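The values are calculated or read from the model by the stated rules, or taken from the named source; none is laboratory data. No experiment lies behind these values; they were computed from the predicted model shown. Here the Cβ positions follow ideal geometry from the backbone for every residue, glycine too, while neighbour counts run over all protein chains shown. Ligands, DNA and RNA are stripped out before the accessible areas are found, and what is left, the full protein with its side chains, is counted by its heavy atoms. Shrake-Rupley method; radii C 1.70, N 1.55, O 1.52, S 1.80 Å.
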Amino acid sequence: MAPKSLRLQLLLWLLIPLAGAVLANTWVTYRNAQEMAGIVTDRTLLASARSIAERIQINGGSVDVIIPPAALEMFETGYRDRVYYRITRSSPGVGDALVAGSGDLQDPAAPVPPLLSQFYEATFRGDPVRMVAIRQPLLGGAADESAMVVVGETLAARGHMAANLWIHNLLQQGLLVLIVAVFVWYGLQRGLRPLLRLRDDVLERAPDALSPFSAAALQSELQPLVTALNQYIERLRNQIAAQRRFIDNAAHQLRTPLTILATQAAYAIRTQNIAEKDETLEAIHGNAREMARLAHQLLTLSNVEPDGRVRRSERIDLVAVTRRALESQVSHALEKGMDLGFDPAPDAAHVRGDASLLQEMVVNLVDNALRYTPAGGVVTVGIERADADWRLTVRDNGPGIPTPERERVFERFYRVLGNEAEGSGLGLAIAREIAAGSGGTITLDSCAEERGLLVTIALPAV
């Protein structure tokens, strides 16, 4: 489907209502033209009838009338209208007697009072005629004696007059609409220039240019568009930065293990001692497992960053999620001969978040506790209600973390000095990002008797 023109749409939205108003005004103008032509015709008829009535007089008992030429010439308009007239004498007890004119002209529907006029429509000899009738008292005649003058004209002149008035007004309105359209088009051209300049700025940008667009020269209606565009650029820049950090972190963290792995493999190939070869292969297997865990943590960290993937937000059971996480750590606990326990107060604890990420959070916390607690130690996981939150706790009887170090351990790849346990320094950073993504918090404290570490995750209950 062809793209729609914004300029054309705006022009149509402006001109269509204007055209509707012009059409309505055209109809009103037509009615006014008809009314005006009718008024002119009626005034001409009345002037003619009065001019004739003023010439009526009694002479020797009979009615004489001289039709003034002006009474008929005033109808001369060039449209060949026919003018008819009739003069009758009305006497009490005698009735109406024709004095002059066409005796078969139609009378008005109602009697005409003396000195008044009455306009009406009629058909005479097959033509529509506009007529006026006036009654004039006869001076010098008998009491109550009067003359009635009827003048009629065909409607050609009136029709042409109404048409001319209407067409003249219609041409004026059409010219007005044309002028308005030209000015509107010019205004749209000027009004859309900032938008066209913005389009050119977008098209001419280099692929790696991620600086925000300026909205200073744009109209207020277009500034939200630029704001949204700049927000998208900001998200894109953060996403690219997150990807670069992930690549840098992965390269930095995998370089040393891969070097060690290559050295161990080369040694295993060279040695002829079966025991040394097996020992080296076992070390290779351990390093490969640690590298796989590191790669998994790096991917998890990339996903839980604020500009990482879109997270699901669903109502989940924190008890069930924690139980699945602990099941994955049982073999690790058995290898070190440790007591891994789960002590949930409720049967279910519903929170909102991403089930897979929350499970990964619990796995990282428990894995950290198992790694840094000496063999034979105790790691206990609990869930309890605290006001509007569910609290997930992981406690161990290991060496703990000194108070000055408890904020720094959330930094990526940071490890407490003097700790010989293997680790990447990402577990707590991942846990905090996941907890924050679900609207929660994470705190570190000492266990009873200042030994061991207590990790508390508070998540809003739903």
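Do you know which of the residues in region 51-106 that are among the charged types (D, E, K, R) and closer than 17 Å to Met148 by Cβ is modelled with the highest pLDDT? Steps first, please.
Pass one, region 51-106, residues among the charged types (D, E, K, R): 54-55, 64, 73, 76, 80-82, 86, 89, 96, 104.
Still in the list and also closer than 17 Å to Met148 by Cβ: 54-55, 64, 86, 89, 96, 104.
Values: Glu54: 86, Arg55: 86, Asp64: 82, Arg86: 92, Arg89: 88, Asp96: 80, Asp104: 89.
Filtering region 51-106 for residues that are among the charged types (D, E, K, R) and closer than 17 Å to Met148 by Cβ, the one modelled with the highest pLDDT comes out as Arg86.
Conditions (1) out of contact with any helix residue (DSSP H, G or I) (no Cβ under 8 Å at 6 or more places or on another chain); (2) of a type in the set (A, V, I, L, M); (3) exposed (fewer than 13 other Cβ atoms within 10 Å of the Cβ); (4) not in a strand (DSSP E or B), marked per residue:
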residue	(1), (2), (3), (4)
Val99	yes, yes, no, no
Asp104	yes, no, yes, yes
Pro111	yes, no, yes, yes
Tyr120	yes, no, no, no
**Study point:** Within region 129-166, tally of residues that are open to solvent by 80 Å² or more (accessible area, probe 1.4 Å) and either closer than 30 Å to Arg7 by Cα or under 60 Å from the mean Cα position of the chain (by Cα) (or both)
**Key:** 2
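Name every residue in region 53-77 that is among the small types (Gly, Ala, Ser) and in contact with a helix residue (DSSP H, G or I) (Cβ under 8 Å, 6 or more places away or on another chain), in order of residue number.
Taking region 53-77 as the starting set, the residues that turn out to be among the small types (Gly, Ala, Ser) are 53, 60-62, 70-71.
Of everything in region 53-77, those that are among the small types (Gly, Ala, Ser) and in contact with a helix residue (DSSP H, G or I) (Cβ under 8 Å, 6 or more places away or on another chain) turn out to be Ala70, Ala71.
Restricting to helices (runs of 4 or more DSSP H) lying wholly in region 325-437: which have 3 or more residues that are buried (at least 16 other Cβ atoms within 10 Å of the Cβ), modelled with pLDDT of 85 or more and of a type in the set (Val, Ile, Thr)?
355-372
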Practice item. With the checklist (1) open to solvent by 40 Å² or more (accessible area, probe 1.4 Å); (2) assigned to a helix (DSSP H, G or I) in hand, flag the one item Val226 doesn't pass. Key: (1)
Point to revise | Answer from Ala33, Ala37, Ala19, Ala47 - the residue that is touching a Gly at 6+ places or on another chain (Cβ under 8 Å), surrounded by 12 or more Cβ atoms within 10 Å (Cβ to Cβ) and part of a helix (DSSP H, G or I) | key: Ala37
Review point. Any idea how many residues of region 50-95 are within 19 Å of Asp127 (Cα to Cα), in contact with a Ser or Thr (Cβ under 6 Å, 6 or more places away or on another chain) and part of a strand (DSSP E or B)?
Key: 2
Review point. If you scan region 50-73, which residues turn out to be closer than 20 Å to Leu155 by Cα and either open to solvent by 30 Å² or more (accessible area, probe 1.4 Å) or touching a His at 6+ places or on another chain (Cβ under 9 Å) (or both)?
Key: Ala70, Leu72, Glu73
Review point. Could you give every pair whose Cβ atoms fall below 8 Å, whose first residue belongs to region 74-95 and is farther than 14 Å from Arg135 by Cβ and open to solvent by 70 Å² or more (accessible area, probe 1.4 Å), and whose second residue is polar (S, T, N, Q) and assigned to a strand (DSSP E or B), counting only separations of at least 6 or pairs across chains?
Key: Arg82/Thr154
